[in-house]
Each structure stands twice: as structure tokens, then as C-alpha cells.
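A quick write-up on the structure given underneath.
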Amino acid sequence: MTTVIAFILMFGVLVSIHEWGHLIFAKRAGMLVREFAIGFGPKILSFTKNETLYTIRLIPAGGYVRVAGDDPEIVELKPGHHIGLEFNKDGKVEKIIVNNKSKHPNARTIEVENVDLDHKLIIEGYEQDDEDTKLHFDVDRKAMFVVDERETQIAPFDRQFASKTVGQRAMQLFAGPMMNFVLAIFIFLLMGLIQGVPAEQAQMGEIQPGSPAEEAGLQENDVITQIGDQSISTWEQFQGIVRKSPGEELDIVISRGDTEQEVTVIPAEAEDINEKGDPIQIGQIGVLPAFEKDILGTIKFGFERTYETSKLIITNLVMLVTGQLSIDVLSGPVGIYDATDQIVQSGFSNFLMWTAMLSINLGIINLVPLPALDGGRLMFVLIEAVRGKPIAPEKEGVFHFVGFALLMLLMIVVTWNDIQRLFL
């Protein structure tokens, strides 16, 4: 149950902060945001606030912000359509009733001759019993389409995604991944404030009971200065030698207080995965780095850790694309849940670290120029900036539709791989 709650909270935070970035910058640009959704599929919970429908949906595989103009949203009115109109106190149309007009006895029924809900905001037509008198109606900017008793707000062109400048559209698309990086930095800063930041020198922190480090006599706050003939100045140097030496004797010189001592430690063998996704044996001695409290160091730690994690993920992504890594190393929701289960049991700080890493991963993956992802849509905006004119919406729509289908196929393959790793 702890893992379930942790996974739901983590998923909710990662997706919410991503979509919140899209939402805020869409509203700042004056776009009409129709829906802010966490998850896909059937709605579990929904409410409307400030023109936007907020929903939590059943399938925890992402989320979305639906902006006016992104998809066909309302019925296109054409000459000859019979519609019902209801008016506000200023005499402007506030409801356009497309069907079930009998359920709206106060609605005025007309046959449409001319309609413009993008720019002029007008409807012109005739009443059924007076086809000689052409009627003109002004439409309120927030008028509602009513189809099957469901209301959808109209979107004048200046509130649609396509009406905004290249910069505004690019920022709205980039804002989601950007917020994932901001979240990661915040988590790393929080960890630094709570537990401190790792000391730059190879200083011992917590020694795990029964570990090779404890058996060798290492103590908290010992500083490693030398291993064999090699001088050690950083934790990374020390860790790198230990990882490469499973089962080998290491002669270590430590500084303890005002004295130097020499101890021998034999790293235990542990299994890990190399850059190609193959299992390898590494050495571990069961010790954590020492931590120190430092405000400037904490700020530096937050940005450096985000940068290093981003670089690692991008490197692995390039290796995956170039065939150096197998698709089998990818994990979907099932694999992430299983990893979360193991990490939750190892402590809250590790869970925070895992959340930050997943947030960076989500940000980077969404910036990849693939169809249906933020990066794919951002690519079309940048192409427009170079060409000076947009690509035809029909062509872009086909590109995203086909790409989305391929992404769903990839998700099925990845999920099957996760299940095989768990049960087969």
C-alpha cells in the first residue's frame, strides 16, 4: 500500500507539474484552455474553473492540456442548418443549440445563412415562418455550443493556439518539459537543505552494519587519501576504484583525526547494468558519502545534479537510437512501478532522488522531436519560424496521428517487456 500511494503521488506530481507549465503559459498568451487532464481514458473526477475543465482519468500513462484550435472541438455550422439561439441580457447570443432544440422552449430557431465565429462573431439567417426577413445576431465571445446537452465554449480566433506568435506557441510547448527540470532542481535543493550535500572529498558517511567497510574497521568521517599507489582527492575517484574491484583486496590509507592509518578492504560483488544494458559485476563496500550543510553548496548541488542526470539520460537516449542499447532496457509504467517499490523500501531520500530523475527523464523525452510529443509539435513551430509560414494543418495532423499510433505500439512492447521481467 505504501508503494501504491508513493507511485500515485509521484505520478501525479510529475504529470501535474508538466501540464501546469503548459496551462500557465497558454493562459498567459490568452489561449482558451479547454481541458487540463491527468491520465487518459474515462474520467474519474472532474470540475470546471475559469473556463477550463480539470479531469483525473483512469489510465496513468501521462496527461494533456487541450488548447482551443488543437483539435476539432465544435460542430461546424453551415448554411441550411437549423439551430436554436438563446440570448444574454445584452441581446447577444450566449447559447447555440445544435440539436434537441425541443428541450429549450425559450430558444429562437433560425435557419443559418451565414456564420462567422472566428472573427466577426455573427450569425445570420431566417426564421422558419419568415424567410423574407434576414436576421443578424451578434455572438458573445464566451457563447456556448450545445450538442447533446453538452456545452462547449466557442473560441474566437484570437484565443486559438494558431493565432499566437511563434514565440508564444513555442514557449507554451516548451513550458511543460521546462517545469520538469525546475521540479528536479527544487527536489535536489530540498534534499540538500534536509540532509546536506555530499562532501567533495572521499569522506565516509554512514557505514552499513556487516558490510566490508565495517569489517575493515572504517569509521564515519574517515577520509580516504590513497588506494594502493594512487592518491584520492574526491568521492568519485574512490567510488570508481571500488566499483572496478569486486572481490579484490584494496589497501586504503585513511585520515582519522590527526593520524593516518592503513586498512585493507575487499569489496563485495554486486550486480549492475552497464551502458549497453548488459549485467556486470561491480564492487561495493557498504558506505555512504558524508554530507555537509552549505547554502551555496546546496544551490550548486541542485543545478549540478540536474545537469549530470540530464547528460546521462541524453547519452543513453543517443545510444538507444544508434542501436548501442537494446529496446529491452526501456521501462513503461509497470517497470517504473516495480522500481519504485524497491526504492521506496530503501528510504525517503532515495525516493526523492528517484522522483527527480524521473522528472528530468520526462522533460527530456518530451523534447525529443517525435510525433504527438511536445518536441514534435515544437519542431513544426520552429520550421514555421524558418519558412515564414506554417505547414498545412492537415499534413501536421497526419504526422502526429501516425506518430501517436507508433508511440502506443512502443508502449505496448515496453509494457510486455516489463511484465516478462517481472513474471517470466
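Values computed for the structure shown
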read-out: Heavy-atom accessible area per residue - the chain, 1.4 Å, Å²; value: 56 Å²
read-out: Charge sum, other residues only, whose C-beta stays under 13 Å from P390's C-beta, Lys/Arg counted +1 and Asp/Glu -1; value: +3
read-out: Within the chain, helix-based [θ] at 222 nm, where runs of 4 or more DSSP H residues each add -39,500 (n - 2.57), nearest 500; value: -14000 deg cm²/dmol
read-out: Cβ crowding within 10 Å averaged over residues, with 87-96, 236-245, 58-67 ranked highest first; value: 58-67, 236-245, 87-96
read-out: Spacing of the two label points (7 Å from each Cα toward its C-beta) at R387 and R28, in nm; value: 2.8 nm
read-out: Degrees, to the nearest 10: 295-321 long Cα axis against longest axis of the chain; value: 80 degrees
read-out: Inter-label distance for S231 and L193, nm, one decimal - labels placed 7 Å from Cα along Cα-to-Cβ; value: 3.9 nm
read-out: Helix 166-195 axis, angle to the chain major axis (alpha carbon atoms, nearest 10°); value: 30 degrees
read-out: Ordering of 194-200, 351-357 by burial proxy (mean other Cβ atoms within 10 Å per residue, highest first); value: 351-357, 194-200
read-out: Alpha-carbon centroids, region 64-128 and region 147-217: separation in whole Å; value: 42 Å
read-out: Net +/- balance of residues flanking L173 in space, Cβ distance below 9 Å, scoring K and R +1, D and E -1; value: +1
read-out: Solvent-accessible area, 1.4 Å probe, carbon plus sulfur percent, for the chain; value: 57 percent
read-out: Cα gyration tensor, region 145-199 - rounded (a/c under 1.5), prolate or oblate; value: oblate
read-out: Gain on full stretching of the segment that runs from E260 to T48 - 0.36 nm per residue minus C-alpha separation; value: 69.6 nm
read-out: Mean Cβ neighbour count within 10 Å, used as a protection proxy, ranking 401-412, 291-302 highest first; value: 291-302, 401-412
read-out: Degrees separating the helix 348-367 axis from the principal Cα axis of the chain, which is the longest one; value: 50 degrees
read-out: The chain - share of DSSP beta bridges that are antiparallel (%, nearest 5); value: 90 percent
read-out: Hz values of 3J(HN,Hα) by residue in region 395-403 - Karplus curve (6.51, -1.76, 1.60), Gly and Pro given as x; value: 5, 5, x, 5, 4, 6, 5, 5, x
read-out: Distance (nanometres) between label positions extended 7 Å along Cα→Cβ at D272 and S331; value: 1.6 nm
read-out: Efficiency of FRET between L407 and E249 - r from beta-carbon atoms, R0 45 angstrom, step 0.05; value: 0.35
read-out: Local net charge near F36, Cβ-Cβ under 12 Å (Lys/Arg +1, Asp/Glu -1); value: +2
read-out: 18 Å Cα-Cα threshold exceeded, pairs from K89/K142; K49/K103; K78/K120; value: K49/K103
read-out: Gain in span if fully extended, T109 to T133, counting 0.36 nm per residue against the direct Cα distance; value: 7.3 nm
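The values are calculated or read from the model by the stated rules, or taken from the named source; none is laboratory data. Computed from a predicted structure; not experimentally measured. As a convention, Cβ positions derive from the backbone with ideal geometry for all residues, glycine included, and neighbour counts pool all protein chains shown. These area figures cover heavy atoms from the full protein model, side chains too; ligands, DNA and RNA do not enter into them. Shrake-Rupley method; radii C 1.70, N 1.55, O 1.52, S 1.80 Å.
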